[in-house]
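Quick notes on the structure that follows.
Rule-based calculations on the coordinates, nothing more; no lab input. Keep in mind the model is a prediction, meaning the values are calculated, not measured. Counting neighbours? That spans all protein chains shown, and the Cβs are built from the backbone with ideal geometry, glycine included.
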Amino acid sequence: MIHRLTKLARFDAPGCLFILALASAASTVSSKSAGLLWLVLIFLCFTAGFARPPRSLKGTFQKQTPASLVISVFLVLAILALLLRAVGMLPWDDLWEERHAEGRILLMALALAVWGAGRGDDEAMHPNAESVHLNGVTHGFALACLLAWLQVWAVGRVNLTTHPIAWAVGVSLLSIWLLHSALWRAQWAWQKWLWLLGGVCGILAVLTSQSRGAFGVLAWWAVMVIHWMWRGHSAGLSTARTWTTLGLVTLTLLVSLYATGLWQRPAAVLVQAVTEYQISQTNPEAASETSLGARLYMWERALPAIQAEPLWGYGQEGRRALILQWGQEADSALVQSLGHVHNQYLHDMLDNGIWGLASGLTYLFGLGGLAVWLLCRQQPFAGWTLAGVVFMHASASLSNVNFAHNYYATMISVVVGLTLMSIRPSRPG
């Protein structure tokens, strides 16, 4: 019975492929679908790992593959981040429910560790695994980005499936996955164009959502396309082809923005940010009733508070009390209604001092180091995708506490998990 169940619960089983593709496609329009994708990936990883006999597991640990080595490091990072956070919580009666992000990432790391241990020496997860399940998920992500664009255009940012900033950063991660898949994983031309167009739809969804914290995805796309063109030229590939690809992608983006009037939304929110910043320089209290002004006001008040309690911070309740006090002093209803300071780094230090900051930075420096290692090992897709995740998480954390939202924690753990599963076996010689 167990053997039959294991054969059914395989990544390349038709039923699992259908669930993965469907959950991937609906991940931007339903937070429950994103959660289903996360759960199915974890279940399949455990199933694939435990399907191996104990002898195979022992042999795997004796000779680690690139994937199993990176996954082992990722598991250590996830455990370390949670332990640092737990130490910072010792003086306070904080709720563990707010640590759902660390828990989701740790569960994904554990599942990947079991899966990696069950792969064997330089074997793929299952025959044709990379060309089957990863491509199916990528097709789903392309559709998800299209649906995200249509959804935010139709219902606006306030009616999205979850918090608009966390949602936009999650979509940006999918857009980066699609771009890198098109540049380094596509086996046929139609795949490349399908995934590129899906990634462009992801950018359009982010821009239309007016979530400034996720606008960095546009800069990442520009850097990656230029890098790909430069590498293609240095490798002797057709310069005309690379310029044509870049030109068509850019033209598609510009035409989509101009012809549909979508440029007005991101342009308006940027102009608004400049105006709010100017007001905050002359009247911080009045500006605290605006989106950017409230952030600047809280950041300014948070710095001396952190300097007063740098080791342990104030705990979750203490942080909320500080924000309420700051809002009352500025007579700002907006600030009083907020639960965090809209900056992940300041938020971590207000809650748990240097322990909280160290916990958050563990992911950034750890995943960044793994990205560099993978690039040195000639793994461009996995390396650059991890680097893109680090860039988006680091930049988006400057203006929002995305780890406070289930959706973002789910999406980042899914993208990181899939990225580590995509690592190719080492080549002999």
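General observations
- Averaging the sequence gap over all C-alpha pairs within less than 8 Å and six or more residues apart, then dividing by the number of residues, gives the stretch 266-342 a relative contact order of 29 percent.
- Protection proxy ranking of 304-315, 358-369 - average other beta-carbon atoms within 10 Å, highest first: 358-369, 304-315
- HN-Hα J in Hz across the stretch 181-187 - Karplus 6.51, -1.76, 1.60, θ = phi - 60°, x for Gly and Pro: 5, 5, 7, 10, 10, 4, 9
- By the count of other C-beta atoms within 10 Å, a proxy for reagent exposure, Ile279, Ile226, Ile79, Ile71 are ordered fewest to most as Ile226, Ile79, Ile279, Ile71.
- Sorted by Cβ neighbour density within 10 Å, fewest at the top, the residues Asp331, Asp351, Asp93: Asp93, Asp331, Asp351
- Nonlocal amide H pairs with Thr161, under 5 Å, H built at 1.01 Å: none
- Note, ³J(HN,Hα) from phi for the stretch 328-344, Karplus 6.51, -1.76, 1.60, rounded to Hz, x at Gly and Pro: 5, 5, 8, 6, 10, 5, 5, 5, 5, 7, 8, x, 9, 8, 6, 7, 4
- The fewest-to-most ranking of Met108, Met411, Met224 by surrounding Cβ atoms within 10 Å reads Met224, Met108, Met411.
- Percent RCO, i.e. relative contact order, over the stretch 131-196, from Cα pairs under 8 Å lying at least 6 residues apart: 35 percent
- Alpha-carbon centroid distance for the pair the stretch 92-113 / the stretch 334-377, whole angstrom: 14 Å
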